[in-house]
Amino acid sequence: MSRHYHIATMGCQMNEYDSDHLGQLLQAEDFKPTEDPHRADLILINTCTVRDKAEQKAYSLLGRMIGLKKRKPGLVLGIMGCIAQQKGSALIERFPGLDFVIGTKELETVPRILEKLTREGGRVVAADLTKRSMFSSANPGYFKDRVKSFVTIMEGCNNFCSYCIVPYVRGREVSRLPEEIIKETEKLVEQGVKEVTLLGQNVNSYRSGESQAEGGFPSLLRKLNNIEGLLRIRFTTSHPKDLSDDLIHCFKDLEKLCGHIHLPLQSGSNHVLKSMKRGYTREHYLELVENLRRVNPDVAITSDVIVGFPGEKGGDFELTLDVVKKIGFDNLYSFKYSDREGTLASAMEPKVPSHERACRLQTLQQLQKGITLHKNRKLVGRRVEVLVEGRSKKGNELTGRTGSNKVVNFDCESELPGDLVQVRIENAYANSLRGEFVH
Ligand code: SAM
Ligand code: SF4
């Protein structure tokens with residue numbers, strides 16, 4: 001009888017990519033995937049620790065899975081991702097039902113760990129951050145029926161922004177070889193994938209080989225742009241301090257590169273940006289946006305902002321609101337500052353009181369809601385190109401995204417997932433657009 005695995009993925013796209021990667025390894029070991037944890041013989045929780053809320057959510061899921069294991073003693077339970085990397089063996093001590101803990105560079109060891117657990121029993125912790133993680137190529141058929149896929153091009157981060165846990169749990173920056181990335185993308189295209197999103201904590205510091213001109217991120221984009229059958233390329237996340245003119249020009253020169261950039265601002269106050277150790281000023285950020293829009297006036301810009309960073313005064317927050325108004329982001333992901341153990345900011349004072357952080361977040365989100373709606377409404381009457389992804393949640397219409405990453409729903413009988421179609425926008429909402437199929 002075949003064994004089933006279930007992976008619950010929390011957090012960012014990097015984790016989704018890792019879960020896919022592990023899924024392929026498990027399928028090569030004759031495991032079959034299941035969405036239902038009750039049917040699983042192996043459950044893995046892929047965790048995020050970027051904010052306290054994400055960490056608590058992971059513990060609560062782990063608690064529920066330990067409850068499940070009490071009713072199904074043969075079940076093997078593992079934890080992976082950023083919490084696993086950070087806490088290591090402390091998790092084994094705290095959660096008696098847990099069988100193994102694997103760090104962010106240990107995916108390839110899972111088959112061996114499972115073999116060891118079957119053979120000898122016991123409990124295993126593998127969390128060596130100095131390992132070079134090996135990316136294996138896609139299993140044939142794994143991505144069949146998928147229109148989009150992630151491709152990790154670099155791991156880790158060297159920036160050590162003062163609030164951020166990522167460099168401690170993902171290690172230093174390591175870029176993959178362009179040949180490996182191209183091969184993986186070609187395999188995805190063979191399986192029917194039409195759009196890839198290149199992933200890295202800091203994709204624009206991607207560097208392979210000696211020369212930045214030949215081994216840098218724009219050069220990789222140009223190579224991927226030549227892959228036949230691939231329709232769209234996206235990437236995330238870019239750091240403003242590494243956004244070169246060469247990369248900005250790719251938004252004009254490369255026809256497969258989607259007109260969307262996610263460029264985290266974090267704060268509009270120079271004083272806060274400095275204590276965050278971001279390496280740019282608000283003026284520089286505004287100039288980058290101007291340059292991007294000069295090259296491609298339709299480019300969609302989205303961003304991340306943290307409110308209530310230690311020492312952020314009312315005036316600093318006003319400066320953030322001011323930049324948000326000036327730029328008019330297409331969308332904004334905003335977060336209340338959350339103390340992360342071991343980061344520089346966790347020792348900074350004064351902390352902004354929790355109710356004040358909540359109040360600032362609400363003000364910012366209200367402002368952005370209006371801006372997003374206004375931007376979406378400007379598309380009414382315009383024709384946009386949509387990559388069809390499948391049926392919408394309601395099931396009776398097709399859904400896809402524009403190059404600018406906006407969700408579009410429309411009625412159509414004939415088109416299939418993976419087709420690029422023209423849609424005229426009829427209605428705009430805060431989170432999606434509705435249109436009429438043109439051809
Ligand atoms: N590498 C990306 C970058 O440079 O922005 C994103 C990394 S992080 C996983 C995603 C977002 O989480 C960040 O852009 C930041 O806004 C937010 N974030 C990170 N640490 C945080 C913290 N301690 N409290 C609140 N938000 C945080
Ligand atoms: Fe974290 Fe800064 Fe690195 Fe992004 S660039 S992952 S926010 S340390």
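Would you check if LEU224 is touching a residue at least 40 places away in the same chain (Cβ under 8 Å), closer than 30 Å to ASP322 by Cβ, part of a helix (DSSP H, G or I) and aliphatic (A, V, I, L, M)? The answer is no for LEU224.
Kindly establish whether GLU341 is in contact with a helix residue (DSSP H, G or I) (Cβ under 9 Å, 6 or more places away or on another chain) and farther than 30 Å from GLY192 by Cβ. The answer is yes for GLU341. Among the residues of the range 138-187 satisfying the criterion of being among the β-branched types (Val, Ile, Thr) and part of a strand (DSSP E or B), which is farthest from ligand 2 (Cβ to nearest atom)? Restricting to residues being among the β-branched types (Val, Ile, Thr) and part of a strand (DSSP E or B), the top hit is VAL151.
Taken over the range 205-239, residues that are within 16 Å of ligand 1 (Cβ to nearest atom) and out of contact with any strand residue (DSSP E or B) (no Cβ under 9 Å at 6 or more places or on another chain) amount to 1.
Of a type in the set (A, V, I, L, M, F, W, C) and within 12 Å of ligand 1 (Cβ to nearest atom): is that true of LEU257 in this structure? No. For the range 234-279, the tally of residues that are at positive phi and under 20 Å from the mean Cα position of the chain (by Cα) stands at 1. Six or more apart or on different chains, Cβ atoms under 6 Å: show the pairs whose first residue is in the range 414-439 and closer than 20 Å to VAL193 by Cα and without any contact (Cβ under 8 Å) to a residue 40 or more places away in the chain and whose second is surrounded by fewer than 18 Cβ atoms within 10 Å (Cβ to Cβ) and of a type in the set (Val, Ile, Thr). What qualifies is GLN422/VAL438.
Picking from residues in the range 342-355 that are of a type outside the set (Lys, Arg) and over 27 Å from HIS262 (Cβ atoms), the one that is farthest from ligand 2 (Cβ to nearest atom) is HIS355. Taken over the range 323-371, residues that are of a type in the set (A, V, I, L, M, F, W, C) and part of a loop (DSSP other than H, G, I, E, B) amount to 4. Hey, among the residues in the range 322-341 that are in contact with a Lys or Arg (Cβ under 9 Å, 6 or more places away or on another chain) and away from ligand 2 (no atom under 16 Å from the Cβ), which one's nearest to VAL169 (Cα to Cα)? Looking at the filtered set, the residue picked out is ASN331.
How many residues does the range 159-216 hold that are free of Cβ contacts under 8 Å to residues at least 60 places away in the same chain and hydrophobic (A, V, I, L, M, F, W, C)? Final tally of qualifying residues: 11.
Do we have LEU129 as within 30 Å of MET348 (Cβ to Cβ), outside any strand (DSSP E or B) and more than 16 Å from ligand 1 (Cβ to nearest atom) here? Judged against the criteria, LEU129 is a match.
If you filter the range 1-54 down to residues that are within 26 Å of GLY156 (Cα to Cα) and of a type in the set (D, E, K, R), you find that the one that is surrounded by the most Cβ atoms within 10 Å (Cβ to Cβ) is ASP18. Scanning the range 295-308 for any residue that is in a helix (DSSP H, G or I), touching a Ser or Thr at 6+ places or on another chain (Cβ under 6 Å) and either of a type in the set (Asp, Glu) or within 16 Å of ligand 2 (Cβ to nearest atom) (or both) turns up nothing.
We did not get these values from a lab; they are worked out from the coordinates using the rules stated. This is a predicted model, so every value here is computed, not measured. A quick note on method: Cβ atoms are made from the backbone with ideal geometry, for glycine too, and the neighbour counts reach across all protein chains shown.
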